[in-house]
Every structure is written in C-alpha cells, then in structure tokens.
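What follows draws every value from the coordinates through simple rules; no lab data is involved. Note that the structure is a prediction, hence the values are computed from the model and not measured. Cβ: placed from backbone, ideal geometry, glycine included. Neighbour counts: every protein chain shown.
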Amino acid sequence: MFYSKRDLQFHLNEVLQVESLCQYPYFQDHSTETFQLVLESAEQIATQKLLPLLTVMDRQEPQLVNGKIMVHEGMKEIVKLFGTNGWINAPFNYDEDGQQLPLTLHNAAGFIFQAANYSASVFPFLSTGAANLIRNFASKELNDTFCPKLYSGEWQGTMALTEPDAGSSLSDLSTSAEPTAQEGIYAIKGQKIYISCGDHDACQNVVHLMLARIKGAPEGVKGISLFIVPQKRLSGGGLVSNDVETAGVYHKMGYKGAPIAHLMVGSNNNTEGYLVGEPNKGLTYMFQMMNEARVGVGMNATAIGTAAFYASLAYAKERPQGRRISEKDPTKPQQKIIVHADVKRLLLFQKAVVEGSLDLLLFCSKLADLMHVTDGEEKENAAMLLDFLTPLAKSYPSEMCCQTTSAAVQILGGAGYTTDFPVEQFYREARIHPIHEGTTAIHGLDLLGRKFTINKGQAGVLFFLEVGKTIQKTQNTPSLKPLGEQLANELRTLQKVTTQLLGTAKEDVEKGFADATLFLEAVGHIAIAWRWLEQAHVAEQNVPEAHEADKHFYQGKVHTAKYFFEYELPKVKALFARLSSEADITVAMQEAWF
Ligand SMILES: Cc1cc2nc3c(=O)[nH]c(=O)nc-3n(C[C@H](O)[C@H](O)[C@H](O)COP(=O)(O)OP(=O)(O)OC[C@H]3O[C@@H](n4cnc5c(N)ncnc54)[C@H](O)[C@@H]3O)c2cc1C
C-alpha cells in the first residue's frame, strides 16, 4: 500500500465536498462518478506502470551519452501513456482536447502517481505546467505549434530559470535575448542549470519555457522576459537543431530517475526563442506556473511522505521486537513493535503531517478551481487566499516530510538504513523539496514581506477568517472545543508577532526579516492545525453512523488531530518566543566568529 484510497476520498468528498464544483458550467459534465473513474484509472497506472519502476529507476540513473540524456527504458511507455490517456491536458478546455477536469482531481490523481514513483511522475507534470503558460500568455500561433505536441507527450515541457549565478536571486539572471529580423523571434544565449527533464530520450523534443533578458532591458526583475526555446525547432516540415546543447546530467542524492540537465544555449549563435506575451513581463507570467508548481511540490513531498508512512506502518505491524514495557515476563513471545508508545509516536507524527498537508493542498487546489469558475468578489477572494497559502502549502510539507521520512527509516531500525527496504529512498527523495521551486528561506521572506502586506494585509485577514470559521464550527463539540480555543490563542499571538515583525522591519529591514523562515514554520503549523480541526469536525460528526471499519477510520482522524494539538502545535510557542525577542543573534554574528 503506497497511499490510502479511503483517506483521499475523505479529503475530497467529506471535507472539501468536491462534487459541489459540478454546479459550475465549466465542470457540469463531471460528477462524483467521473471523479471516481479518474482516481481509479490513476491508481491502475500507478500500480501497474509506475510502482514496478520505483526502485530500478533509483538504481539506474539517467546517463549522458554522446550529448543525449538516456533515461530508464520504461519511461518511453509511461510518457506516451500519460499523453495518449489525456492526463497532461486533462484540466484544460474541451476545444484544446482537454477534459475540463477540476484541478483538485488532477492534483489528487497526481498525488497517486507521485506516491507510486516520484521521479516518473514529474515528466507529465512539467509538460502540463509549460503548456499552461503557453496557452495563457503566448500567441495562438505558438499555442498551435507547441501545445498539441506537449499534450500528446511527444514533446517534453520544462521550466528553465536557474543559472550558475541566479538561483534564489532570479533578478541576476543573464541569459540574453537579441531581437532578430523576424518579429517575435530572438537569438538566445546563455546557460541554464538544474533543468528538470531538460533533455531525455523518451520524447522527440524538449520545449523550454525559458527566462532571459532582452538586450537593453532594465536591470533586475523588471527586465526579464519569457521565451519558448525548443531543443529542436521546426524547419521545412521537420525538426532541426536549435543549438541547445546538453552539457551535463546531474547525479543526485534522490529523485534519481528524473533527468536534471545542464544546458548551453546559443553557443553557436543559432538558438531561436519565441517571445511569450509582452517583453519584460516574464517573471509575472512565470509566477503563474510557479505557483501551480509550488502547490505541486508540496503535493510531491506529501506523496513521498505518504508512501514512507505506509511502508513503515506495514513494517511496524509485522516486526516482533521486545515486549510492552509493562510486560516483565521474558518467556512471553515478543510483540510487534507497533505496541511501543514511541513507535506509535513516530507513526502518528507521519500520519499527522501527511494527512494534514494533503488536506491543505487539496483545499488550495479547490481554491484554484473556484478562481477559475467564479466571478467578482468570490474569484478575488479565492485568488487572494490561494496566493497567501502557497508558501505554506509548498514549504510545510517540504520541510516536514524530510522529518517524516526520517521517522519512517527510524521505525525500520537497521533495516531502514539498508537498500533492502524502500524507506531510505523516500528519505533521499524528500530532500529536494525544501530546495527547488524557491528555497524555504525565500518562501519565508515572501510570506512575511509580501503575503501579509499586499492589499493592506487583506489576504492575512481572509486566512484568519477562514480559520475562525472552522473554530466556530467546533465550539459545540465538547471533544474539539479545547482544540479550537488553543488554535484561537495561537492566532492571536500570530497577529501580535506579525505586527511586531513588520514594525521592526520598517526600522531595520535586516532585523525584521532575519527569522522569516521561523515565521513561516510557525504559520505552517497553524495552517495544518486548522486543517486537522476541520478534519476532526467532519470525522466526529460521522462516527455515530459509521460501520465498524469506518468508525476506526474516523476515530483515527480525531485522535490524530489531538496528537497534532498536543505534540506539534505547541512548537509554535517556542517559535513565537524567539520571533518576539529583540535579540538580533543572527544579524549580529560576524563571519570571522564562525
Ligand atoms: C533536482 C533539482 C531540480 C531542479 N529543477 C529545476 C528546474 O526544472 N528549473 C529550474 O529553473 N531550476 C531547477 N532547479 C534549481 C532550483 O530551483 C535551485 O537550486 C533553487 O532555486 C536554489 O538556487 P541555488 O541552487 O542557486 O541556491 P542559492 O540561491 O545559491 O541558495 C543557497 C542557500 O542560500 C539561501 N539564500 C539565498 N538567497 C537568500 C536570501 N535572499 N535570504 C536568505 N537565504 C538565502 C538559500 O535559501 C539556500 O539555503 C532544480 C534544482 C535541483 C537540485
């Protein structure tokens, strides 16, 4: 078992009531039944195609052979399957050959793929993102040229931002774009590093959505434009080289099945790039893709954490070792390690993090759907709340699933450290998520410096209102009332701490933002506590009518919510204490003192 179908259904149907999306004309052809079919089909592909390659793709990494990255042979069939089965463009319009599938369902299906084999799942995920940028911002001609090939899986999409001197600081990127005699076509020159699926032999062509600076453009982020830069360009009805060379493939600690490329662009002054939208608006456009990708990254982390949780749960139920601490008789048979309180703590920790994260991520996905199909204030609020939650939805699962996969390794003891079991692979694979799509530090700065301040702090107000609604709902449930009160208290402290930090930042920007990462960690815990309270509320309501197996499921939900409020949420107290202190320890530290 690499994920729980029952749990996924709970989030989608009982907590978020996704069928309510079918009331909107865009989704009217869908129903609970079509959603069910989508998830069943995802599970089938995951089980039959992705899962069998999980270990072998980790052991046989992509290799650069004569300038081409060769990936695992099995990826050819998988890439094709994602295309022909319509997964890549499933959320897009019917007239684009899409299925107008809610993003919530697309992401839920993605979660199943990622839990089965994270490396294999990123190939189609990147193409969806690249195509989405083209269909939203590029001309019809570019759309017609590139999107159908991306949808079919024949061509691979990428997101090409990072350069040797521009990682977190994209304002410093230097890849150049010079206008040519043909309008909209630019000569691109530079290099891009760490490009996921930037080159591989399981497709015919790679389409890079690349950031570059048009000659003479303003310095900084205001001078960045977005281009489609194909690896091979169309010429005379065929494909010819577009002077995008693969200089290397990265060998990584995890996520090894996916090819990560180092690209040299325009070394022979023969790379064509096609301008997307208007000049100098590249980063704004890219942020659209990055916000989706960031919710996606949170989902990836959660999926890997989920697979590790179920692997360690299965082991804990089977591994006999020692006896309960209350059992003093050594002649009694050994008991399964799941009886030990500390093993249960390690399991509860994983369950609390991954199921709390999944709920937040699906909540965000539903906001993206509502943003798409509603108007006026409802649309604006959905967009604002999603924007606010994005750094949390990306960073909390990313950071925490490094810890939960470590807990999974711990449960297996020595076996967890060996390659005989999959948990060591999950542990390695989880580590990428706090790094790519913006490091945790960058998201901390974004949350405190932008999300809490734009539109006079309206997004923060919306967040507080949403959490307040959940607290309100639980006030008549005796078992949940104290949890609601605890969360309300932490919200009040958060309000105070935010005002204090933003005040400090006005006087001394470095000091005010020095611990933005810790601030992000605290707000992340509060957001997940909110989603656990919501889950516990639904579960409590359903316990009396539930049959035996479901009763256990709901009781497990309520108990895990209690775990979160007893073990995880109190961590914010220490964070708030630090954040409220005037001591400027990190800013004051001198390089020479290390
Ligand atoms: C496996 C993998 C896949 C990737 N896929 C892609 C891809 O498909 N496309 C793409 O464009 N890129 C991709 N990347 C690149 C990734 O997005 C960058 O590695 C990431 O943005 C960090 O940039 P960097 O590596 O240059 O680190 P740096 O920016 O040098 O950061 C190093 C450290 O300094 C910290 N730091 C930097 N600036 C600040 C600051 N202002 N305040 C506080 N701390 C700061 C960072 O948080 C980090 O801890 C990938 C990377 C990897 C490893």
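In table form, for the structure just shown:
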{"item": "Residue 163 long-range amide H proximity, modeled H, under 5 Å", "result": "193"}
{"item": "Ranked packing of 494-502, 70-78, most packed first, by mean Cβ within 10 Å", "result": "70-78, 494-502"}
{"item": "Estimated FRET transfer efficiency (residue 85, residue 327; beta-carbon r; R0 56 Å; 0.05)", "result": "0.60"}
{"item": "Angstrom value of the Kirkwood radius, inverse mean 1/r, which spans all Cα pairs in the chain", "result": "25.1"}
{"item": "The chain: angle of helix 481-507 to the longest principal axis, Cα-based, in degrees nearest 10", "result": "40"}
{"item": "Cross-link table 189/281; 49/551; 394/473; 551/571, entries beyond 23 Å C-alpha to C-alpha", "result": "49/551; 394/473; 551/571"}
{"item": "Packing rank of 231-239, 253-261, where each peptide gets the mean count of other beta carbons within 10 Å, highest leading", "result": "253-261, 231-239"}
{"item": "Nonlocal amide H pairs with residue 281, under 5 Å, H built at 1.01 Å", "result": "226"}
{"item": "Theoretical FRET efficiency, 1/(1+(r/R0)^6), r = Cβ-Cβ of residue 318 and residue 29, R0 51 Å, to 0.05", "result": "0.70"}
{"item": "³J(HN,Hα) computed for each position of the stretch 510-527 - Karplus, 6.51 cos²θ - 1.76 cosθ + 1.60, integer Hz, glycine/proline x", "result": "5, 5, x, 9, 4, 10, 4, 5, 5, 4, 4, 4, 5, 5, x, 4, 5, 5"}
{"item": "Residue-by-residue Karplus 3J(HN,Hα) for the stretch 123-139, coefficients 6.51, -1.76, 1.60, Hz, glycine and proline x", "result": "4, x, 4, 5, 5, 4, x, 5, 5, 4, 5, 5, 5, 7, 10, 8, 5"}
{"item": "Derived scalar couplings ³J(HN,Hα) [the stretch 466-472; Karplus, 6.51 cos²θ - 1.76 cosθ + 1.60; whole Hz; x for Gly, Pro]", "result": "4, 5, x, 4, 5, 4, 4"}
{"item": "Amide H within-cut-off set for residue 248, under 5 Å, with H built and near neighbours excluded", "result": "262"}
